[in-house]
Amino acid sequence: MDLISTKWIIHLLLCGLFYGVSCNSVEQKIYINLNDTVPCVRLLNATHQIGCQSSLGGDVGVIHFLESEQNLEYVLTNGNNPPYMVILESHLFNRDVMMKLKNGSSRIAGVAVIKPNSNPAGAFSPHTTCPNENTGVYSESYDPALAHCNGTMWNPNGNGLSYEEFSFPIFSLKDDNGTEVIRQCYMDHNRAVNGSVPVYPLCAMELSSHMSAVTDTVTCMRRSDTSGLSLNPEQVCDPLGNYNVWGATKGLNNSASGHSENETVVVAAARLDSRAFFHGISLGADSGTSGFITLLAAAGALANVTREAPPPRTVLYAFFQGESFDYIGSSRMVYDMQGDKFPIDLDNIHSLVEIGQVGLHASEGLWVHTDPVSRRNASIETEVKNLTDIFRSVASSLNISLGEPDVSQPLPPASFQRFLRAQPIPGVVLTDHRTSFTNSFFESMYDNAEYLNLTFPAGLTPEEQFNYVTDTAKGLAKVATLAARTLYRQAGGAEERLAGINADELTVAHMLYGFLIQTKNPWFEAIVSPEDLPALRAFPPEHYVGVNFNSNSSTKLVSYVFANLTGTAVNVSRENCSNSGTFEDAADSTDMNSYTWVRGVTPPNATEPAGYCVRSTTRLSRAESPAFLLGEFNSSTYSTWSESRWKKINARIFLVAGHDLEMLTLGLGLAVLLLSLLITFFVNTKADFLFSSGREPANATY
Amino acid sequence: MTASVFFGCTFIAFGPAIALFLFTIARDPLRVIFLIAGAFFWLVSLLLSSLVWFISVQISNKESAPQQRGLLIFGVVLSVLLQELFRFGYYKLLKKANEGLLALSQEETMPISIRQLAYVSGLGFGFMSGAFSVINILADSVGPGTVGIHGDSQHYFLSSAFMTMAIILLHMFWGVVFFDACEKKRWWCLVIVVASHLLVSCLTFQNPYYVGSLVPTYIIMFLMGVWAFCCAGGSLRNLKLCLTCKDKDFLLANHRPR
């Protein structure tokens, strides 16, 4: 063979090795894998475990589409082929049905919920009726009349499903072609026609979501090998946590800590995270996202005026992560302030303004909540009255309806409560509800863009949708202007400058699009650093706090947006931007500011975007509960939430054969084996005789 | 489906082969060696034929279904011919090895007769062929699901196991007949063996119409079994005597008095 054909054959062989390996055609004949499923996972705290658990190899059950609550009888008692995998439409995913399924769990292999494409009517909130009941400021010692939501039941629609423990897996399916396949399989094989029993083979589903951690955080942290001695360390759970984003109108010395002399700060707070029963579909449009978008827009509105005419007090913007889980972020920041680990401490705080749920203000108006207990102190009372008066005057000048609820009403669940736990501080929380939440989908998968009326006219391309200013955006921009002007006045700024403080509606529209619809848009692509560009996808970011530093989360994006809205561009090269030695001037140093290199936009005559260096005061501070820092895993003062680890999560459908066919196969196999053993033994012993006709009988006898 | 189907199908497919191995081959190391060598020869023939098929598939048009089916048929035929070629090659090798073994050993008679070699090599071919036919199917039968969600027949596992059992036994019978025909230089017997192998392999193209492939295969297996029994020295008279337990009387009667 000459050289050319040898090379050709070798080349073919190598190509073949790449292509030929993967497909296992028998497996493809049997199983259909379901992509795009969201599992419910297990969370643990100091005393309980919540969420769902499956068996180690997955749970298999015969599919049954539940038609109504009465149909539950079939699954729980009547049906002939337990265990069942119950598939629920969204209107049946409520507390009654889930509790009945939980009680009958010996016949239930798992549950799959079909998430509809549009929100249902009515209310649904899987959170508790009194969110963060034990870690807020209202306890027996603070004021027994207000503890445990005795004063106001904040979330009356809450059914507490997110905090129940289920011993079977629960997955969420999208209502698309994959689910159509399941429906077809059910119609073909499982449907009992008019009382007749469905005949094998039946359509079945397997859900695997085995969680490693059990009982509570104390147990799982004890079982996790953190000593570093084992060669193969096995972690079974991780504490929930991420990073808080904070920044200020004036640089604060990040290398200093503890009390800062001559510094008074007005804290403007909002929360970043939200949650739902299924962590993967928690957008929290009204619950959390509306608040931080408003605060970001307010920070952008104040950026210029605080540079030109700095007010006497600094405004510190704080975006807290993990607030849905017993105030992880704010408790950590207060702990750092108390322990002199933060550039300022609690004595530096003059007052606090928090922006809570403001997405539905268009129908409900805005309300400022205050804490009645701390207001019994005269000096705090004066400060609070001052603050609310500023709010009122700014609101009337902007034609926004703003009111104050009854003075005896406590604060709604808010990060401000953790500050009050440490020290009485005057402050208000701005929301769109007077007493109980108006959000009927609080912390659920239906609290999404559609709930905020973020709808675009038909026929727009994604680019046009991105630039379209909806009424929601206009409304939130007004709230942001209100907040910005109030913050400026509260910080001691001059009244004359107020008219120039306006939040930009297009920026708010861009933020709503980026945080609720998809992160891949021109503005985000321009303000992130080049390394983080691949993280921008055609999905909204995850607003669940998660563990470690989940790259899907919104924290980094919020820090980039904050840097873009409040920072300035500096003319240095990329290498110098990340080099702290470049800035020797004390005011420019990296102690007082942070520098990030961002992508920028592509100039008209170029192919690559022209990056630039941004100077801002954005900082990230660790948002992990102090309970894990101190090792007090059964703490009742701090959040002890942790998330279990898991190995494999998947869902697939297939047909199952009847038990009798399987036993028949086994019996047949055993029969064949025994028969062949007998025959072979018989033939073997008589072999000399049986195969002797080719030889003379005489030879055989010797 | 589950463990019961896995074990059921394993016993159906490999039951006779295991029984034969346990009782007739396992005690004699020489037979074990020749069994494994036979399995290896079959493996090499499969490797060659799969190489040829693979290259031809890469060259061909992957989109055209009739072309792919034609290539499959071509592959099957080529594989059968190569297997029989390697059986012949093994026969030649064994003849040469036997002379060598005789020269080496101290005894006068051959330690293993050519008939026993025919049986052992046929079983070796059968073991390896059965393994390649059915192991991946058995591996998937352990999971919770059964074939059928895309409309295929539900009896896939069971029929594969029965087919494999037939193939293993057939290889053993073909081995016996083949070697006997080579010894006695009856070339038309060889042609019949090759033709029946081709027929059985091409019958599998009837799947998923399992009745159409399994029933003729079992008929052929039965016929080949009878033929192999006769080639190996059996006869109907011996069988009748054995079954009625009169074999000992027969031996005693034929015992020449001293």
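The one condition from (1) in a loop (DSSP other than H, G, I, E, B); (2) touching a helix residue (DSSP H, G or I) at 6+ places or on another chain (Cβ under 8 Å); (3) surrounded by fewer than 20 Cβ atoms within 10 Å (Cβ to Cβ) that residue A:465 does not meet is (1). When each of A:662, A:643 is tested for being more than 10 Å from every other protein chain (Cβ to nearest Cβ) and not in a loop (DSSP other than H, G, I, E, B), the lone residue that passes is A:643.
From the list B:226, B:193, B:200, B:215, the one residue that fits, being more than 20 Å from residue B:162 (Cα to Cα) and in a helix (DSSP H, G or I), is B:193. Could you go through the range A:452-465 and let me know if any residue there is aliphatic (A, V, I, L, M) and either closer than 15 Å to residue A:299 by Cα or in contact with a Phe, Trp or Tyr (Cβ under 7 Å, 6 or more places away or on another chain) (or both). Yes, the range A:452-465 contains a residue that is aliphatic (A, V, I, L, M) and either closer than 15 Å to residue A:299 by Cα or in contact with a Phe, Trp or Tyr (Cβ under 7 Å, 6 or more places away or on another chain) (or both).
Go through the range A:82-100 and give me each residue that's more than 14 Å from chain B (Cβ to nearest Cβ) and in a loop (DSSP other than H, G, I, E, B). Once the filter is applied, which keeps residues that are more than 14 Å from chain B (Cβ to nearest Cβ) and in a loop (DSSP other than H, G, I, E, B), the range A:82-100 yields A:82, A:89, A:93, A:94.
Taking each residue of the range A:23-47 that is within 11 Å of chain B (Cβ to nearest Cβ) and looking for partners that are basic (Lys, Arg) with beta-carbon atoms closer than 8 Å, six or more apart or interchain, yields A:31/A:652; A:32/A:652. Contact map, the range A:505-530: first residue acidic (Asp, Glu), second residue buried (at least 19 other Cβ atoms within 10 Å of the Cβ) and in a helix (DSSP H, G or I), Cβ cut-off under 6 Å, separation 6 or more or different chains; pairs are A:505/A:473; A:505/A:477.
Checking each residue in the range A:348-371 for being over 20 Å from residue A:244 (Cβ atoms) and among the charged types (D, E, K, R) picks out A:364, A:371.
Restricted to the range A:22-80, the set of strands (runs of 3 or more DSSP E) holding at least 1 residues that are over 23 Å from residue B:145 (Cα atoms) comprises A:49-52.
Considering the range B:125-145, and only residues there that are in contact (Cβ under 8 Å) with a residue 24 or more places away in the chain and closer than 20 Å to residue A:33 by Cα, the residue that is farthest from the other protein chains (Cβ to nearest Cβ) turns out to be B:142.
For the residues A:106, A:125, the requirement of being free of Cβ contacts under 8 Å to residues at least 40 places away in the same chain and polar (S, T, N, Q) singles out A:106.
Within the set B:114, B:149, B:137, the sole residue that is of a type outside the set (Gly, Ala, Ser) and more than 30 Å from residue A:652 (Cα to Cα) turns out to be B:114. Of the residues making up the range B:146-163, those that are facing another protein chain (nearest Cβ under 7 Å) and not in a loop (DSSP other than H, G, I, E, B) are B:146, B:158.
Entry remark, the range B:138-168: residues being under 30 Å from residue B:95 (Cβ atoms) and in contact with a Pro (Cβ under 6 Å, 6 or more places away or on another chain) number 0 in total. If you go through the range B:11-47 and keep only what is within 14 Å of chain A (Cβ to nearest Cβ), under 15 Å from residue B:132 (Cβ atoms) and out of contact with any Gly (no Cβ under 7 Å at 6 or more places or on another chain), you end up with just B:47. Looking only at residues in the range A:656-694 that are buried (at least 17 other Cβ atoms within 10 Å of the Cβ) and touching a residue at least 60 places away in the same chain (Cβ under 8 Å), the one that is nearest to residue A:29 (Cα to Cα) is A:656.
For the range B:1-10, residues that are of a type in the set (A, V, I, L, M), more than 7 Å from chain A (Cβ to nearest Cβ) and crowded, with 18+ Cβ neighbours inside 10 Å total 0. Of all residues in the range B:27-37, none satisfies being basic (Lys, Arg), under 16 Å from the mean Cα position of the chain (by Cα) and surrounded by 14 or more Cβ atoms within 10 Å (Cβ to Cβ).
Listed here are the residues, each with its yes/no results for (1) touching an Asp or Glu at 6+ places or on another chain (Cβ under 7 Å); (2) in contact (Cβ under 8 Å) with a residue 24 or more places away in the chain; (3) not aliphatic (A, V, I, L, M).
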position	(1), (2), (3)
A:240	yes, yes, no
A:248	no, yes, no
A:259	yes, yes, yes
A:262	no, no, yes
A:279	no, yes, yes
A:289	no, yes, yes
A:298	no, yes, no
A:305	no, yes, no
A:312	no, yes, yes
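Evaluation of residue A:547 against the conditions (1) within 18 Å of residue A:609 (Cβ to Cβ); (2) in contact (Cβ under 8 Å) with a residue 60 or more places away in the chain shows that the sole unmet condition is (1). Need at least 3 residues that are charged (D, E, K, R) per element, so show me which helices (runs of 4 or more DSSP H) inside the range A:313-410 make the cut, counting only ones lying wholly within it. Of the helices (runs of 4 or more DSSP H) lying wholly inside the range A:313-410, those with at least 3 residues that are charged (D, E, K, R) span A:378-398. Hey, does the range A:431-441 have a residue that's in contact (Cβ under 8 Å) with a residue 60 or more places away in the chain and over 15 Å from residue A:356 (Cβ atoms)? Yes: one or more hits. Under the condition of being in contact (Cβ under 8 Å) with a residue 24 or more places away in the chain and among the charged types (D, E, K, R), the residues counted in the range B:29-74 number 1. Condition first: more than 23 Å from residue A:137 (Cα to Cα) and charged (D, E, K, R). Can you find one or more residues in the range A:320-333 that meet it? No; the residues of the range A:320-333 include none that is more than 23 Å from residue A:137 (Cα to Cα) and charged (D, E, K, R). Would you check if residue A:219 is touching a strand residue (DSSP E or B) at 6+ places or on another chain (Cβ under 7 Å), among the polar types (S, T, N, Q), surrounded by fewer than 18 Cβ atoms within 10 Å (Cβ to Cβ) and at pLDDT 85 or above? For residue A:219, the condition - touching a strand residue (DSSP E or B) at 6+ places or on another chain (Cβ under 7 Å), among the polar types (S, T, N, Q), surrounded by fewer than 18 Cβ atoms within 10 Å (Cβ to Cβ) and at pLDDT 85 or above - is not met.
The values are calculated or read from the model by the stated rules, or taken from the named source; none is laboratory data. Remember, predicted model here, so these are calculated numbers, not experimental data. Because the Cβ atoms are built from the backbone with ideal geometry, glycine has one as well, and the counts that use them run over all protein chains shown.
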